[in-house]
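To keep things clear, I will list the structure first and then write my remarks on it.
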Amino acid sequence: MKRARWIRGILIAVAAVFLIATTPSPEAETTLTDALAEAGAEPEFYMLHYGSRMGEAFERETVPGHVERLARKLNLGSVRSVPSADGLRWSASGRWKRNLRVEMNVIVDKPRDFFVQPYVSIKVMGRGRPDKGLIQARDHISHILQQHQIQPRTHFSIQGTISKRTDSNGQKDEMINRVLGRLGAREVESMRTDRTASVSAYTPLFSGGLKTKGGTMNVQAAAKVAHDDHHVILTLGTPIITIEY
């Protein structure tokens with residue numbers, strides 16, 4: 001009887017370890033949104049950004065056709081050629097559901113080459129607090145890009161505001177420290193001025209990252225006194241912030 005209970009105990013422990021090991025990590029988008037709210041800021045704007053070169057080179061003359069097909073797959077509006085100092089550029093945009101605006105830009109930065117490998121940039125933008133629609137949009141775009149042999153590199157940023165206190169310098173650092181503490185993140189490098197504090201850090205909650213002189217970073221937090229001088233803007237991003245702050 002004791003042996004049976006002992007074996008059953010081991011099996012339960014093994015099962016518990018297995019469940020913990022296989023539990024999916026939280027969505028980075030949801031985690032950053034919660035961290036922003038817990039730091040006292042009201043979520044106002046967010047953006048999911050995809051950027052990568054196409055998986056193979058094409059004849060330059062065929063690029064517009066590839067762009068048209070990709071825009072149709074993404075259910076965007078008509079493709080238009082946009083003058084650009086970077087080379088050749090095509091853009092298309094559309095709205096998904098009520099709150100998500102999608103913009104796509106395709107750039108050929110070597111327009112004189114016969115074979116080119118365009119760069120694709122897609123932004124999904126929304127107001128307020130992101131919901132499950134953003135996660136669905138993220139997965140949908142990832143699937144379509146992979147169908148076109150494009151391996152998407154993604155960035156997520158979210159921004160919110162809070163009323164400014166008299167000691168704004170202490171408030172900025174307090175907000176950033178609260179975010180990093182919630183994420184279990186360690187600082188990699190930072191920049192501070194009278195109106196802005198920005199910290200790059202590494203958290204084990206998120207995969208991947210960017211290598212810098214200070215080490216690998218996969219989350220960035222910035223707090224800035226707003227132009228009205230009455231609010232502090234908190235911006236979070238992974239692996240880095242890709243919206244203005």
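The values are calculated or read from the model by the stated rules, or taken from the named source; none is laboratory data. Keep in mind the model is a prediction, meaning the values are calculated, not measured. Backbone-built Cβ (ideal geometry, glycine too); neighbour counts: all protein chains shown. Areas reflect the complete protein model, heavy atoms only, side chains present, ligands, DNA and RNA absent. Shrake-Rupley method; radii C 1.70, N 1.55, O 1.52, S 1.80 Å.
FRET efficiency for Phe115 and Asn75, Cβ-Cβ distance as r, R0 = 30 Å, nearest 0.05? Don't jump to the answer; show the numbers that get you there.
On the way: r = 29 Å, r/R0 = 0.98.
Computed FRET efficiency for Phe115 and Asn75 comes out at 0.55.
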Of all lysine pairs in the chain that are eight or more residues apart or on different chains, those with Cα atoms under 22 Å apart total 9
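For the stretch 109-239, give the magnitude of the charge dipole about the Cα centre (Cβ charges: +1 Lys/Arg, -1 Asp/Glu; no others), in debye to the nearest 20.
Details: 19 positive and 12 negative charges, 31 e Å.
Roughly 140 debye, rounded to the nearest 20.
With only alpha-carbon atoms in the gyration tensor, what are the semi-axes of the equivalent ellipsoid for the stretch 180-221, in Å, largest first? Write down the numbers at each step before the final one.
Details: eigenvalues 67, 31, 9 Å².
Rounded to whole Å, the semi-axes are 18, 12, 7.
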For the chain, the dipole about the Cα centre with charges only on Cβ (Lys and Arg +1, Asp and Glu -1), to the nearest 20 debye, works out at 900 debye
Placing each pseudo-label 7 Å from Cα in the direction of the beta carbon, Asp131 and Asp167 end up separated by a distance in nanometres of 4.0 nm
GluC sites (Glu not before Pro) in the stretch 35-118 lying in a DSSP loop, each with at most 11 other Cβ atoms within 10 Å of its Cβ, come to Glu56
Computed, not fitted: 222 nm per-residue ellipticity of the chain from DSSP H runs ≥ 4 (each -39500 (n - 2.57)), nearest 500, equal to -10000 deg cm²/dmol
A chain fully extended from His148 to Phe58 at 0.36 nm per residue, minus the present Cα-Cα distance, gains in nm 31.2 nm
Carbon plus sulfur, as percent of the 1.4 Å-probe accessible area of the chain, comes to 53 percent
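Per residue, how much accessible area does the stretch 50-165 have with a 1.4 Å probe, in Å²?
Working: 6410 Å² over 116 residues.
Using a 1.4 Å probe on heavy atoms only, each residue of the stretch 50-165 averages 55 Å².
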If each part is reduced to its alpha-carbon centroid, the stretch 137-181 and the stretch 105-127 end up apart, in Å, by 23 Å
Projecting the Cα atoms of Ala137, Ala226, Tyr50 onto the charge dipole of the chain, where Lys and Arg contribute +1 and Asp and Glu -1 at Cβ, the residue farthest towards the positive end is Ala137
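With the contact rule set at Cα under 8 Å and sequence spacing of 6 or more, what percent relative contact order holds for the chain?
On the way: 470 pairs, mean separation 51.6, N = 245.
Relative contact order, the chain: 21 percent.
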